[in-house]
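Below is one structure, written out as structure tokens, with a few remarks after it.
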Amino acid sequence: MKVWIDQDLCTGDGLCEEICPPVFTLLDDGLAYVKEGQEVLNNPGGAAQMAPVPTDLEDAVTEASEECPGECIFVEND
């Protein structure tokens, strides 16, 4: 599974970060980004910054995607 966020749709509510902080983070610009380990994939963000999801976090990432009010989290299954 891989995940990315469309920052143009992000509302900055932070639910993704609450649900799965190892994969999602909000930056100073108020938008959510995915992380790969400790590296925030924010240059440039969007689909160009797709992160692999550790197997043990797949359920949490799926939940974050479903709960996102901006519908900006995109999950791609391998």
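The values are calculated or read from the model by the stated rules, or taken from the named source; none is laboratory data. It should be emphasised that the depicted structure is a prediction, and the values quoted were computed from it without experimental measurement. Cβ placement follows ideal geometry from the backbone for every residue including glycine, while neighbour counts extend to all protein chains displayed. What goes into the accessible areas is simple: the full protein's heavy atoms, side chains included, and nothing from ligands, DNA or RNA. Shrake-Rupley method; radii C 1.70, N 1.55, O 1.52, S 1.80 Å.
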Tell me, yes or no, whether region 41-54 has at least one residue that is within 19 Å of residue 1 (Cβ to Cβ), assigned to a helix (DSSP H, G or I) and touching a Pro at 6+ places or on another chain (Cβ under 8 Å). no
If you check every pair at least six apart or on different chains, which have Cβ atoms under 9 Å apart with a residue in region 44-59 that is in contact (Cβ under 8 Å) with a residue 12 or more places away in the chain first and a residue that is in a helix (DSSP H, G or I) and open to solvent by 60 Å² or more (accessible area, probe 1.4 Å) second? none
Quick one: would you say residue 12 is at pLDDT 95 or above, at positive phi and touching a Leu at 6+ places or on another chain (Cβ under 8 Å)? yes
Mind counting the residues in region 15-30 that are open to solvent by less than 40 Å² (accessible area, probe 1.4 Å) and either modelled with pLDDT under 95 or within 10 Å of the chain's Cα centre (by Cα) (or both)? 5
